[in-house]
1. Which numbered condition in (1) touching a strand residue (DSSP E or B) at 6+ places or on another chain (Cβ under 9 Å); (2) modelled with pLDDT under 85; (3) surrounded by 10 or more Cβ atoms within 10 Å (Cβ to Cβ) is the only one that residue 32 fails?
2. From the set of residues in segment 1-15 that are assigned to a helix (DSSP H, G or I) and under 24 Å from residue 56 (Cα atoms), which is nearest to the chain's Cα centre (by Cα)?
3. Name every residue in segment 39-57 that is over 19 Å from the mean Cα position of the chain (by Cα) and assigned to a loop (DSSP other than H, G, I, E, B), in order of residue number.
4. Any residue that is out of contact with any helix residue (DSSP H, G or I) (no Cβ under 9 Å at 6 or more places or on another chain), at positive phi and without any contact (Cβ under 8 Å) to a residue 12 or more places away in the chain - is there at least one of those in segment 50-61?
5. Go through (1) in contact with a helix residue (DSSP H, G or I) (Cβ under 9 Å, 6 or more places away or on another chain); (2) in a helix (DSSP H, G or I) and name the single condition residue 23 misses.
């Protein structure tokens, strides 16, 4: 995902969560309501990572390595 560097990441994610939850509730209300966490579509936490210009294969290998090292 690319976004302007002046936008704070928590603000960006809050906006994405808000818009996506409203849209999903509008489209799939009966299905979504069954799966809410305490009346909320998203949890308050999030994870964001960066991989710079690494090739996608290197990112996949890193993720696989992390899963095996647990």
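1. Among (1) touching a strand residue (DSSP E or B) at 6+ places or on another chain (Cβ under 9 Å); (2) modelled with pLDDT under 85; (3) surrounded by 10 or more Cβ atoms within 10 Å (Cβ to Cβ), residue 32 violates only (1).
2. Just the residues of segment 1-15 that are assigned to a helix (DSSP H, G or I), to begin with: 9-15.
Okay, now just the ones that are also under 24 Å from residue 56 (Cα atoms), so 9, 12-13.
Numbers: 9: 11, 12: 11, 13: 7 Å.
Selected residue: 13.
3. 53, 54, 55
4. Yes, segment 50-61 contains a residue that is out of contact with any helix residue (DSSP H, G or I) (no Cβ under 9 Å at 6 or more places or on another chain), at positive phi and without any contact (Cβ under 8 Å) to a residue 12 or more places away in the chain.
5. If we test residue 23 against (1) in contact with a helix residue (DSSP H, G or I) (Cβ under 9 Å, 6 or more places away or on another chain); (2) in a helix (DSSP H, G or I), just (1) comes out false.
The values are calculated or read from the model by the stated rules, or taken from the named source; none is laboratory data. If you're wondering where the values come from, they're calculated on a predicted model, not measured in any experiment. Virtual Cβ from ideal backbone geometry, glycine too; neighbours counted across all protein chains shown.
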